[in-house]
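Working notes for the structure below.
The values are calculated or read from the model by the stated rules, or taken from the named source; none is laboratory data. Computed from a predicted model, the values in this text were never measured in an experiment. Using ideal geometry, Cβ is built from the backbone for each residue, glycine included, and neighbour counts are taken over all protein chains shown. Just so you know, the surface numbers come from the protein's heavy atoms only, side chains and all, with ligands and any DNA or RNA stripped out. Shrake-Rupley method; radii C 1.70, N 1.55, O 1.52, S 1.80 Å.
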Amino acid sequence: MRGPVTEPAGVAQLRRRPLASPAPRPDSHAYRRAANADAFIERIAAGLLLLAVIATFTLSSSVLTNWKIHYLTAGGNFLEKLHPATYFTLLAFSLLLIRSHGPVGEINRMFSESKLLLAYLLCWLFLLIQVVVLERPFTVIIDTFLLPILIAMVMWQLSPSQKRPLVWAIHFTILLNVVLGYYEYFSGHRMIPLTLGDVVVMGEWRSAALLGHPLTASGIVGAYVLALVLRPAICPPLLVRLPLIALSLGSLMAFGGRTSLVTVLAMIGLVGGFEAFRLMQGRRMPLPAAILAICVLFAAGAIVFAALDLGIFDKMLLRFSSDKGSTLARFATFSLLSHFDWYELILGPNPVRVNALQSQLGLNYGIENFWIASVVQFGLVHTVLMTVGLVCFFVELLRRSSRAAWAIVLLIVIIAASSVSFSSKNIQLAQFVILISVLLPREPRRVAVPSQVRPPVSYRSVPA
């Protein structure tokens with residue numbers, strides 16, 4: 001008789017090893033349940049991002065200071081030092097990480113689609129290490145540099161239908177600031193006191209509305225005007241879009257931002273000249289559109305001459321002839337670097353010495369150049385790293401946006417070179433990122449659907 005048959009050791013281990021559970025099929029109940037859970041989580045994240053968008057364009061540092069929240073002022077606890085939009089965005093980002101793929105799978109998927117964001121986060125991490133080592137407030141780089149990338153990553157996970165409430169929120173909040181800007185300009189009554197930290201600015205005629213500062217308001221409204229001009233799909237009805245452009249463009253005179261006003265007018269002029277050149281080359285144009293364009297041009301010219309005759313914008317025109325020392329402050333900004341040696345410029349000077357030199361040179365309100373202010377705060381090495389990181393971030397942002405976003409990026413660079421902008425603790429960069437990612441998304445490519453191929457017809461021979 002034969003003895004018992006023994007199996008090899010490897011076969012026995014394979015029999016005892018539990019099999020991996022297969023992935024759920026698309027038609028299975030588990031798959032549908034996971035899909036429904038993911039859709040529910042995305043709806044909650046979209047709602048939180050809606051709150052973040054509203055808070056970004058309405059809750060400025062001046063508003064928070066007026067509400068006795070120590071956002072920029074001394075005192076208070078740590079929770080008051082972060083903007084409310086940062087909390088809403090962090091909650092939305094955390095919710096997206098608990099979808100069916102798991103946190104590791106979601107992070108892997110997000111960064112595999114946007115590899116340049118890893119370079120930006122690495123540069124930001126180096127800046128965070130320097131701030132922690134030198135024992136400086138690190139909430140500055142969270143709201144200024146981390147919030148924009150979190151907003152962009154959450155925004156890219158939402159569908160067009162989920163972004164539609166965000167579009168309406170942007171229109172509503174910006175137009176609300178425009179109307180409040182006109183009210184403050186003509187009435188002389190400021191809704192929210194203009195504050196720079198603990199200092200209340202008195203005697204300033206420029207409006208600020210809910211955006212906190214006249215230069216911030218003019219930059220955001222200028223970007224909104226460029227978006228309306230360069231991408232008509234934002235507001236397709238021409239009879240609605242043209243009044244919106246005129247209303248928002250006129251508010252730049254009330255907000256008093258010369259850089260934004262000149263940049264926006266120059267870009268609109270270039271677009272108009274390009275369209276006129278195409279018409280001279282033989283491009284066809286509908287007759288009603290041509291008649292409407294001529295009427296709008298004549299009406300705009302009449303309104304401008306009437307406003308100049310009535311002296312409505314005399315304060316803004318005086319800004320070009322007498323800027324109250326703004327140009328001298330920019331020259332003092334460049335001369336500030338000459339007071340530091342190479343060691344301080346490379347690794348960052350002492351903040352106490354920087355504050356003393358700013359007071360001597362009359363730069364109490366800030367250094368009006370992003371790169372010079374970054375060198376003074378963080379040193380040349382980290383300024384170069386953050387510039388490289390921002391370039392990577394904007395390349396990824398432009399890759400996912402329409403061609404009209406180039407104009408807003410150019411406006412951002414000009415504003416950064418001529419004002420305090422992102423060199424201080426603010427959410428202005430996050431505001432620009434919201435405008436680009438919501439109002440100027442990349443249009444899907446239109447794929448031509450091939451015509452249905454008819455099957456070949458066979459004929460039988462019929463006998464005569």
So which helices (runs of 4 or more DSSP H) stay within the range 98-156 end to end and still have 3 or more residues that are of a type in the set (V, I, T) and open to solvent by less than 40 Å² (accessible area, probe 1.4 Å)? 147-155
Every listed condition ((1) open to solvent by 30 Å² or more (accessible area, probe 1.4 Å); (2) farther than 20 Å from L118 by Cβ) holds for V384 save (2)
Are there any pairs with C-beta distances below 8 angstrom linking a residue in the range 107-121 that is touching a residue at least 12 places away in the same chain (Cβ under 8 Å) and among the small types (G, A, S) to a residue that is part of a helix (DSSP H, G or I) and surrounded by fewer than 17 Cβ atoms within 10 Å (Cβ to Cβ), with the two at least 6 apart or on different chains, and if so which? A119/V388
Quick count over the range 237-267, residues being open to solvent by 50 Å² or more (accessible area, probe 1.4 Å) and assigned to a helix (DSSP H, G or I), is 10
Determine whether A276 is surrounded by fewer than 21 Cβ atoms within 10 Å (Cβ to Cβ) and of a type in the set (A, V, I, L, M, F, W, C). yes
With at pLDDT 90 or above and either buried (at least 24 other Cβ atoms within 10 Å of the Cβ) or touching a His at 6+ places or on another chain (Cβ under 8 Å) (or both) as the only criterion, which of I434, I414 stands out? I434
Taking the conditions exactly as written (within 23 Å of I41 (Cα to Cα) and in contact with an Asp or Glu (Cβ under 7 Å, 6 or more places away or on another chain)), does S159 satisfy them or not? no
Before we move on, is L196 more than 30 Å from I294 (Cβ to Cβ), open to solvent by 10 Å² or more (accessible area, probe 1.4 Å), at pLDDT below 90 and not acidic (D, E)? yes
